[in-house]
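Colleague: There's a structure below that I have some questions on.
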Amino acid sequence: MRCYAEDYCKKDRASCSELCGGYRVLRALYSLSRIPVKYQYKMDLIPEKEDMQSFIALNDFKENIVDHVARGEGLYIWGENTGNGKTSWACKIMGYYFRKIAFSSGLENEGLYIYLPTFLDDLRNSYNSSTPEFEEELEMVKICRLLIVDDIGAERVTEWVRERIVSIINTRSANGLCTIYTSNLSLKGLADKLGDDRISSRIKGSVTEVNLLGMDKRGAVL
Ligand SMILES: Nc1ncnc2c1ncn2[C@@H]1O[C@H](COP(=O)(O)OP(=O)(O)OP(=O)(O)O)[C@@H](O)[C@H]1O
Ligand SMILES: [Mg+2]
């Protein structure tokens, strides 16, 4: 049995069991969040020199995540380079949120991860035939306290896609809900790509922007 609290729980390991309250709550939160398995456990992210300040800002945001969620203050993590920690940071922050709320959460509507291009494909397909799982995900996108929108700007842009993204962002900001975005584009680049200022301007009003400059570390032995 592997526990999400394995790197910080102070309990004697000999007493670990699947009946442990913390183990069960964290499993439920992670399962409902749909964070990809690869990003679920502790990740040691090491900054390159040019990313020192950004890592401090990300760590600071993480430490205060419960307050940020309560106030609907989001984050926009972007970097032109692939594989330099954007998705990892977003999931690390959500994991820390789960750690902080585990014992006060009623489990419902806490955190959800979506990979935006796939989510939009699923949304389009759902008009013909939907599944209960997808309907649940769609509902969570609108109401969960913390949402990760991974890789905004990587989707194929159509009028339909633009309107769906505006609708998601509007619904969340109108309800004061916190969203963490990752992207390979700056907010200006996102406006250019989408050919529409409405999305980037709405995002800008609700996030702290953090730029990562480090090189691609996918597959690197560090
Ligand atoms: N600063 C870092 N220190 C150690 N490992 C890192 C760092 N940044 C990224 N990695 C590792 O590199 C891999 C890719 O990271 P991640 O998926 O977060 O990149 P990304 O910026 O989201 O990439 P993309 O732009 O392609 O979506 C992961 O296995 C991650 O753990
Ligand atoms: Mg990514």
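Colleague: Among the candidates Ala102, Ala70, single out the residue that is over 17 Å from Thr182 (Cα atoms) and surrounded by fewer than 17 Cβ atoms within 10 Å (Cβ to Cβ).
Modeller: It is Ala70.
Colleague: Quick one: in region 145-189, which of the residues that are over 12 Å from Ile199 (Cα atoms) and assigned to a helix (DSSP H, G or I) is nearest to the chain's Cα centre (by Cα)?
Modeller: Looking at residues that are over 12 Å from Ile199 (Cα atoms) and assigned to a helix (DSSP H, G or I), I get Arg172.
Colleague: Sticking with this structure for a sec: Give just the number: which of (1) modelled with pLDDT of 90 or more; (2) not in a helix (DSSP H, G or I) does Gly219 not satisfy?
Modeller: (1)
Colleague: Here's a follow-up. Give the residue, chosen from Lys193, Lys142, that is within 16 Å of ligand 1 (Cβ to nearest atom), assigned to a helix (DSSP H, G or I) and in contact (Cβ under 8 Å) with a residue 12 or more places away in the chain.
Modeller: Working: Lys142 fails: within 16 Å of ligand 1 (Cβ to nearest atom).
Going through Lys193, Lys142 in turn, just one is within 16 Å of ligand 1 (Cβ to nearest atom), assigned to a helix (DSSP H, G or I) and in contact (Cβ under 8 Å) with a residue 12 or more places away in the chain: Lys193.
Colleague: Right, Ala90: part of a helix (DSSP H, G or I), surrounded by 15 or more Cβ atoms within 10 Å (Cβ to Cβ), touching a residue at least 60 places away in the same chain (Cβ under 8 Å) and away from ligand 2 (no atom under 16 Å from the Cβ) or not?
Modeller: Details: part of a helix (DSSP H, G or I): yes; surrounded by 15 or more Cβ atoms within 10 Å (Cβ to Cβ): yes; touching a residue at least 60 places away in the same chain (Cβ under 8 Å): yes; away from ligand 2 (no atom under 16 Å from the Cβ): no.
No: the conditions fail for Ala90.
Colleague: Give the residue that is surrounded by the most Cβ atoms within 10 Å (Cβ to Cβ), with candidates limited to residues of region 1-29 that are out of contact with any Cys (no Cβ under 6 Å at 6 or more places or on another chain) and hydroxyl-bearing (Ser, Thr, Tyr).
Modeller: So the first thing to find is which residues in region 1-29 are out of contact with any Cys (no Cβ under 6 Å at 6 or more places or on another chain), and the list is 1-22, 24-29.
Narrowing further to those that are hydroxyl-bearing (Ser, Thr, Tyr): 4, 8, 15, 17.
Values: Tyr4: 21, Tyr8: 9, Ser15: 7, Ser17: 8.
It comes out as Tyr4.
Colleague: Given the residues Tyr96, Tyr113, which is the only one that is in contact (Cβ under 8 Å) with a residue 24 or more places away in the chain, more than 16 Å from ligand 2 (Cβ to nearest atom) and among the hydroxyl-bearing types (Ser, Thr, Tyr)? If you could, list the steps in order and put the result at the bottom.
Modeller: Numbers: Tyr113 fails: more than 16 Å from ligand 2 (Cβ to nearest atom).
Sole residue among the options that is in contact (Cβ under 8 Å) with a residue 24 or more places away in the chain, more than 16 Å from ligand 2 (Cβ to nearest atom) and among the hydroxyl-bearing types (Ser, Thr, Tyr): Tyr96.
Colleague: Only one of (1) away from ligand 2 (no atom under 16 Å from the Cβ); (2) at pLDDT 95 or above; (3) assigned to a loop (DSSP other than H, G, I, E, B) is not met by Thr82, so which one is it?
Modeller: Going through (1) away from ligand 2 (no atom under 16 Å from the Cβ); (2) at pLDDT 95 or above; (3) assigned to a loop (DSSP other than H, G, I, E, B) one by one, Thr82 breaks only (1).
The values are calculated or read from the model by the stated rules, or taken from the named source; none is laboratory data. Being a predicted model, the structure only gives us computed values, none of them experimental. When we count neighbours, we look across all protein chains shown, and the Cβ atoms used for this are built from the backbone with ideal geometry, even at glycine.
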